[in-house]
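Trainee: Below is one structure. I have some questions about it.
The values are calculated or read from the model by the stated rules, or taken from the named source; none is laboratory data. Since we're looking at a predicted model, the values are computed, not measured. No Cβ is skipped: glycine too gets one built from the backbone with ideal geometry, and neighbour counts run over all protein chains shown.
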Amino acid sequence: MLISSLRPATTEHREFLWSRNVEVPTEPGCYALVAFDKTVLYVGLASTSLRTRMGAHLDDPLKRKGWQDKIPFWFYFLRLPTDRVGPVERGWINQSILEDGGLPPLNRVHSPVS
C-alpha cells in the first residue's frame, strides 16, 4: 500500500532520522513508517506524543531494519485528538488488509477495537 492510499490522509512528514525527531510534534496522532518509494511499512498511533513514538521506533532495530529491500525513510503523520487515534489507526490497518491482503509488513498485531 502506498502512503497516498491512507484515508484520512497524513498531513505532514519528516525523514525517519534522529536529527529530525525534534521537528515532530509532541501531540497525539497517527503515523506511518514509509519506505523511500512511499510503501507503507508500519502504521501506529500516539495517544500522547508523536515525537516519543518516532523516537521509540528509531530505537527499535526491527523497525530500522525494515522489510525485504525496504527500510523506513519517512515518518508521515496526522495530528488528531486522543479520542480519534484508535479509530483512525484501525481504519488504516483495514485499508492495508483490503488493498494488500494483510497488515502492513512491520505491524505484528491488529489494532485493538476499544
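Trainee: With respect to Ser96, is the statement that it is modelled with pLDDT under 95, out of contact with any Ser or Thr (no Cβ under 8 Å at 6 or more places or on another chain) and surrounded by 14 or more Cβ atoms within 10 Å (Cβ to Cβ) true?
Mentor: No, not satisfied.
Trainee: In segment 43-73, which residues are touching a residue at least 24 places away in the same chain (Cβ under 8 Å) and buried (at least 21 other Cβ atoms within 10 Å of the Cβ)?
Mentor: Val43, Gly44, Leu45, Ala46, Leu50, Met54, Pro72
Okay, residues lined up against (1) outside any loop (DSSP other than H, G, I, E, B); (2) not polar (S, T, N, Q):
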{"site": "Ser4", "(1), (2)": "yes, no"}
{"site": "Val24", "(1), (2)": "no, yes"}
{"site": "Tyr31", "(1), (2)": "yes, yes"}
{"site": "Asp37", "(1), (2)": "no, yes"}
{"site": "Tyr42", "(1), (2)": "yes, yes"}
{"site": "Met54", "(1), (2)": "yes, yes"}
{"site": "Leu62", "(1), (2)": "yes, yes"}
{"site": "Phe75", "(1), (2)": "yes, yes"}
{"site": "Leu78", "(1), (2)": "yes, yes"}
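Trainee: Output the residue which, of all residues in segment 12-32 that are closer than 16 Å to Gly91 by Cα and not aromatic (Phe, Trp, Tyr), is farthest from the chain's Cα centre (by Cα).
Mentor: Only one residue tops the list, namely Gly29.
Trainee: With Ala35, Ala9, Ala56 as the choices, which residue is out of contact with any Lys or Arg (no Cβ under 7 Å at 6 or more places or on another chain) and under 21 Å from Asp100 (Cα atoms)?
Mentor: Ala9
Trainee: Among the candidates Val40, Val22, which residue alone is aliphatic (A, V, I, L, M), surrounded by fewer than 19 Cβ atoms within 10 Å (Cβ to Cβ), in contact with a helix residue (DSSP H, G or I) (Cβ under 8 Å, 6 or more places away or on another chain) and modelled with pLDDT of 95 or more?
Mentor: Val22
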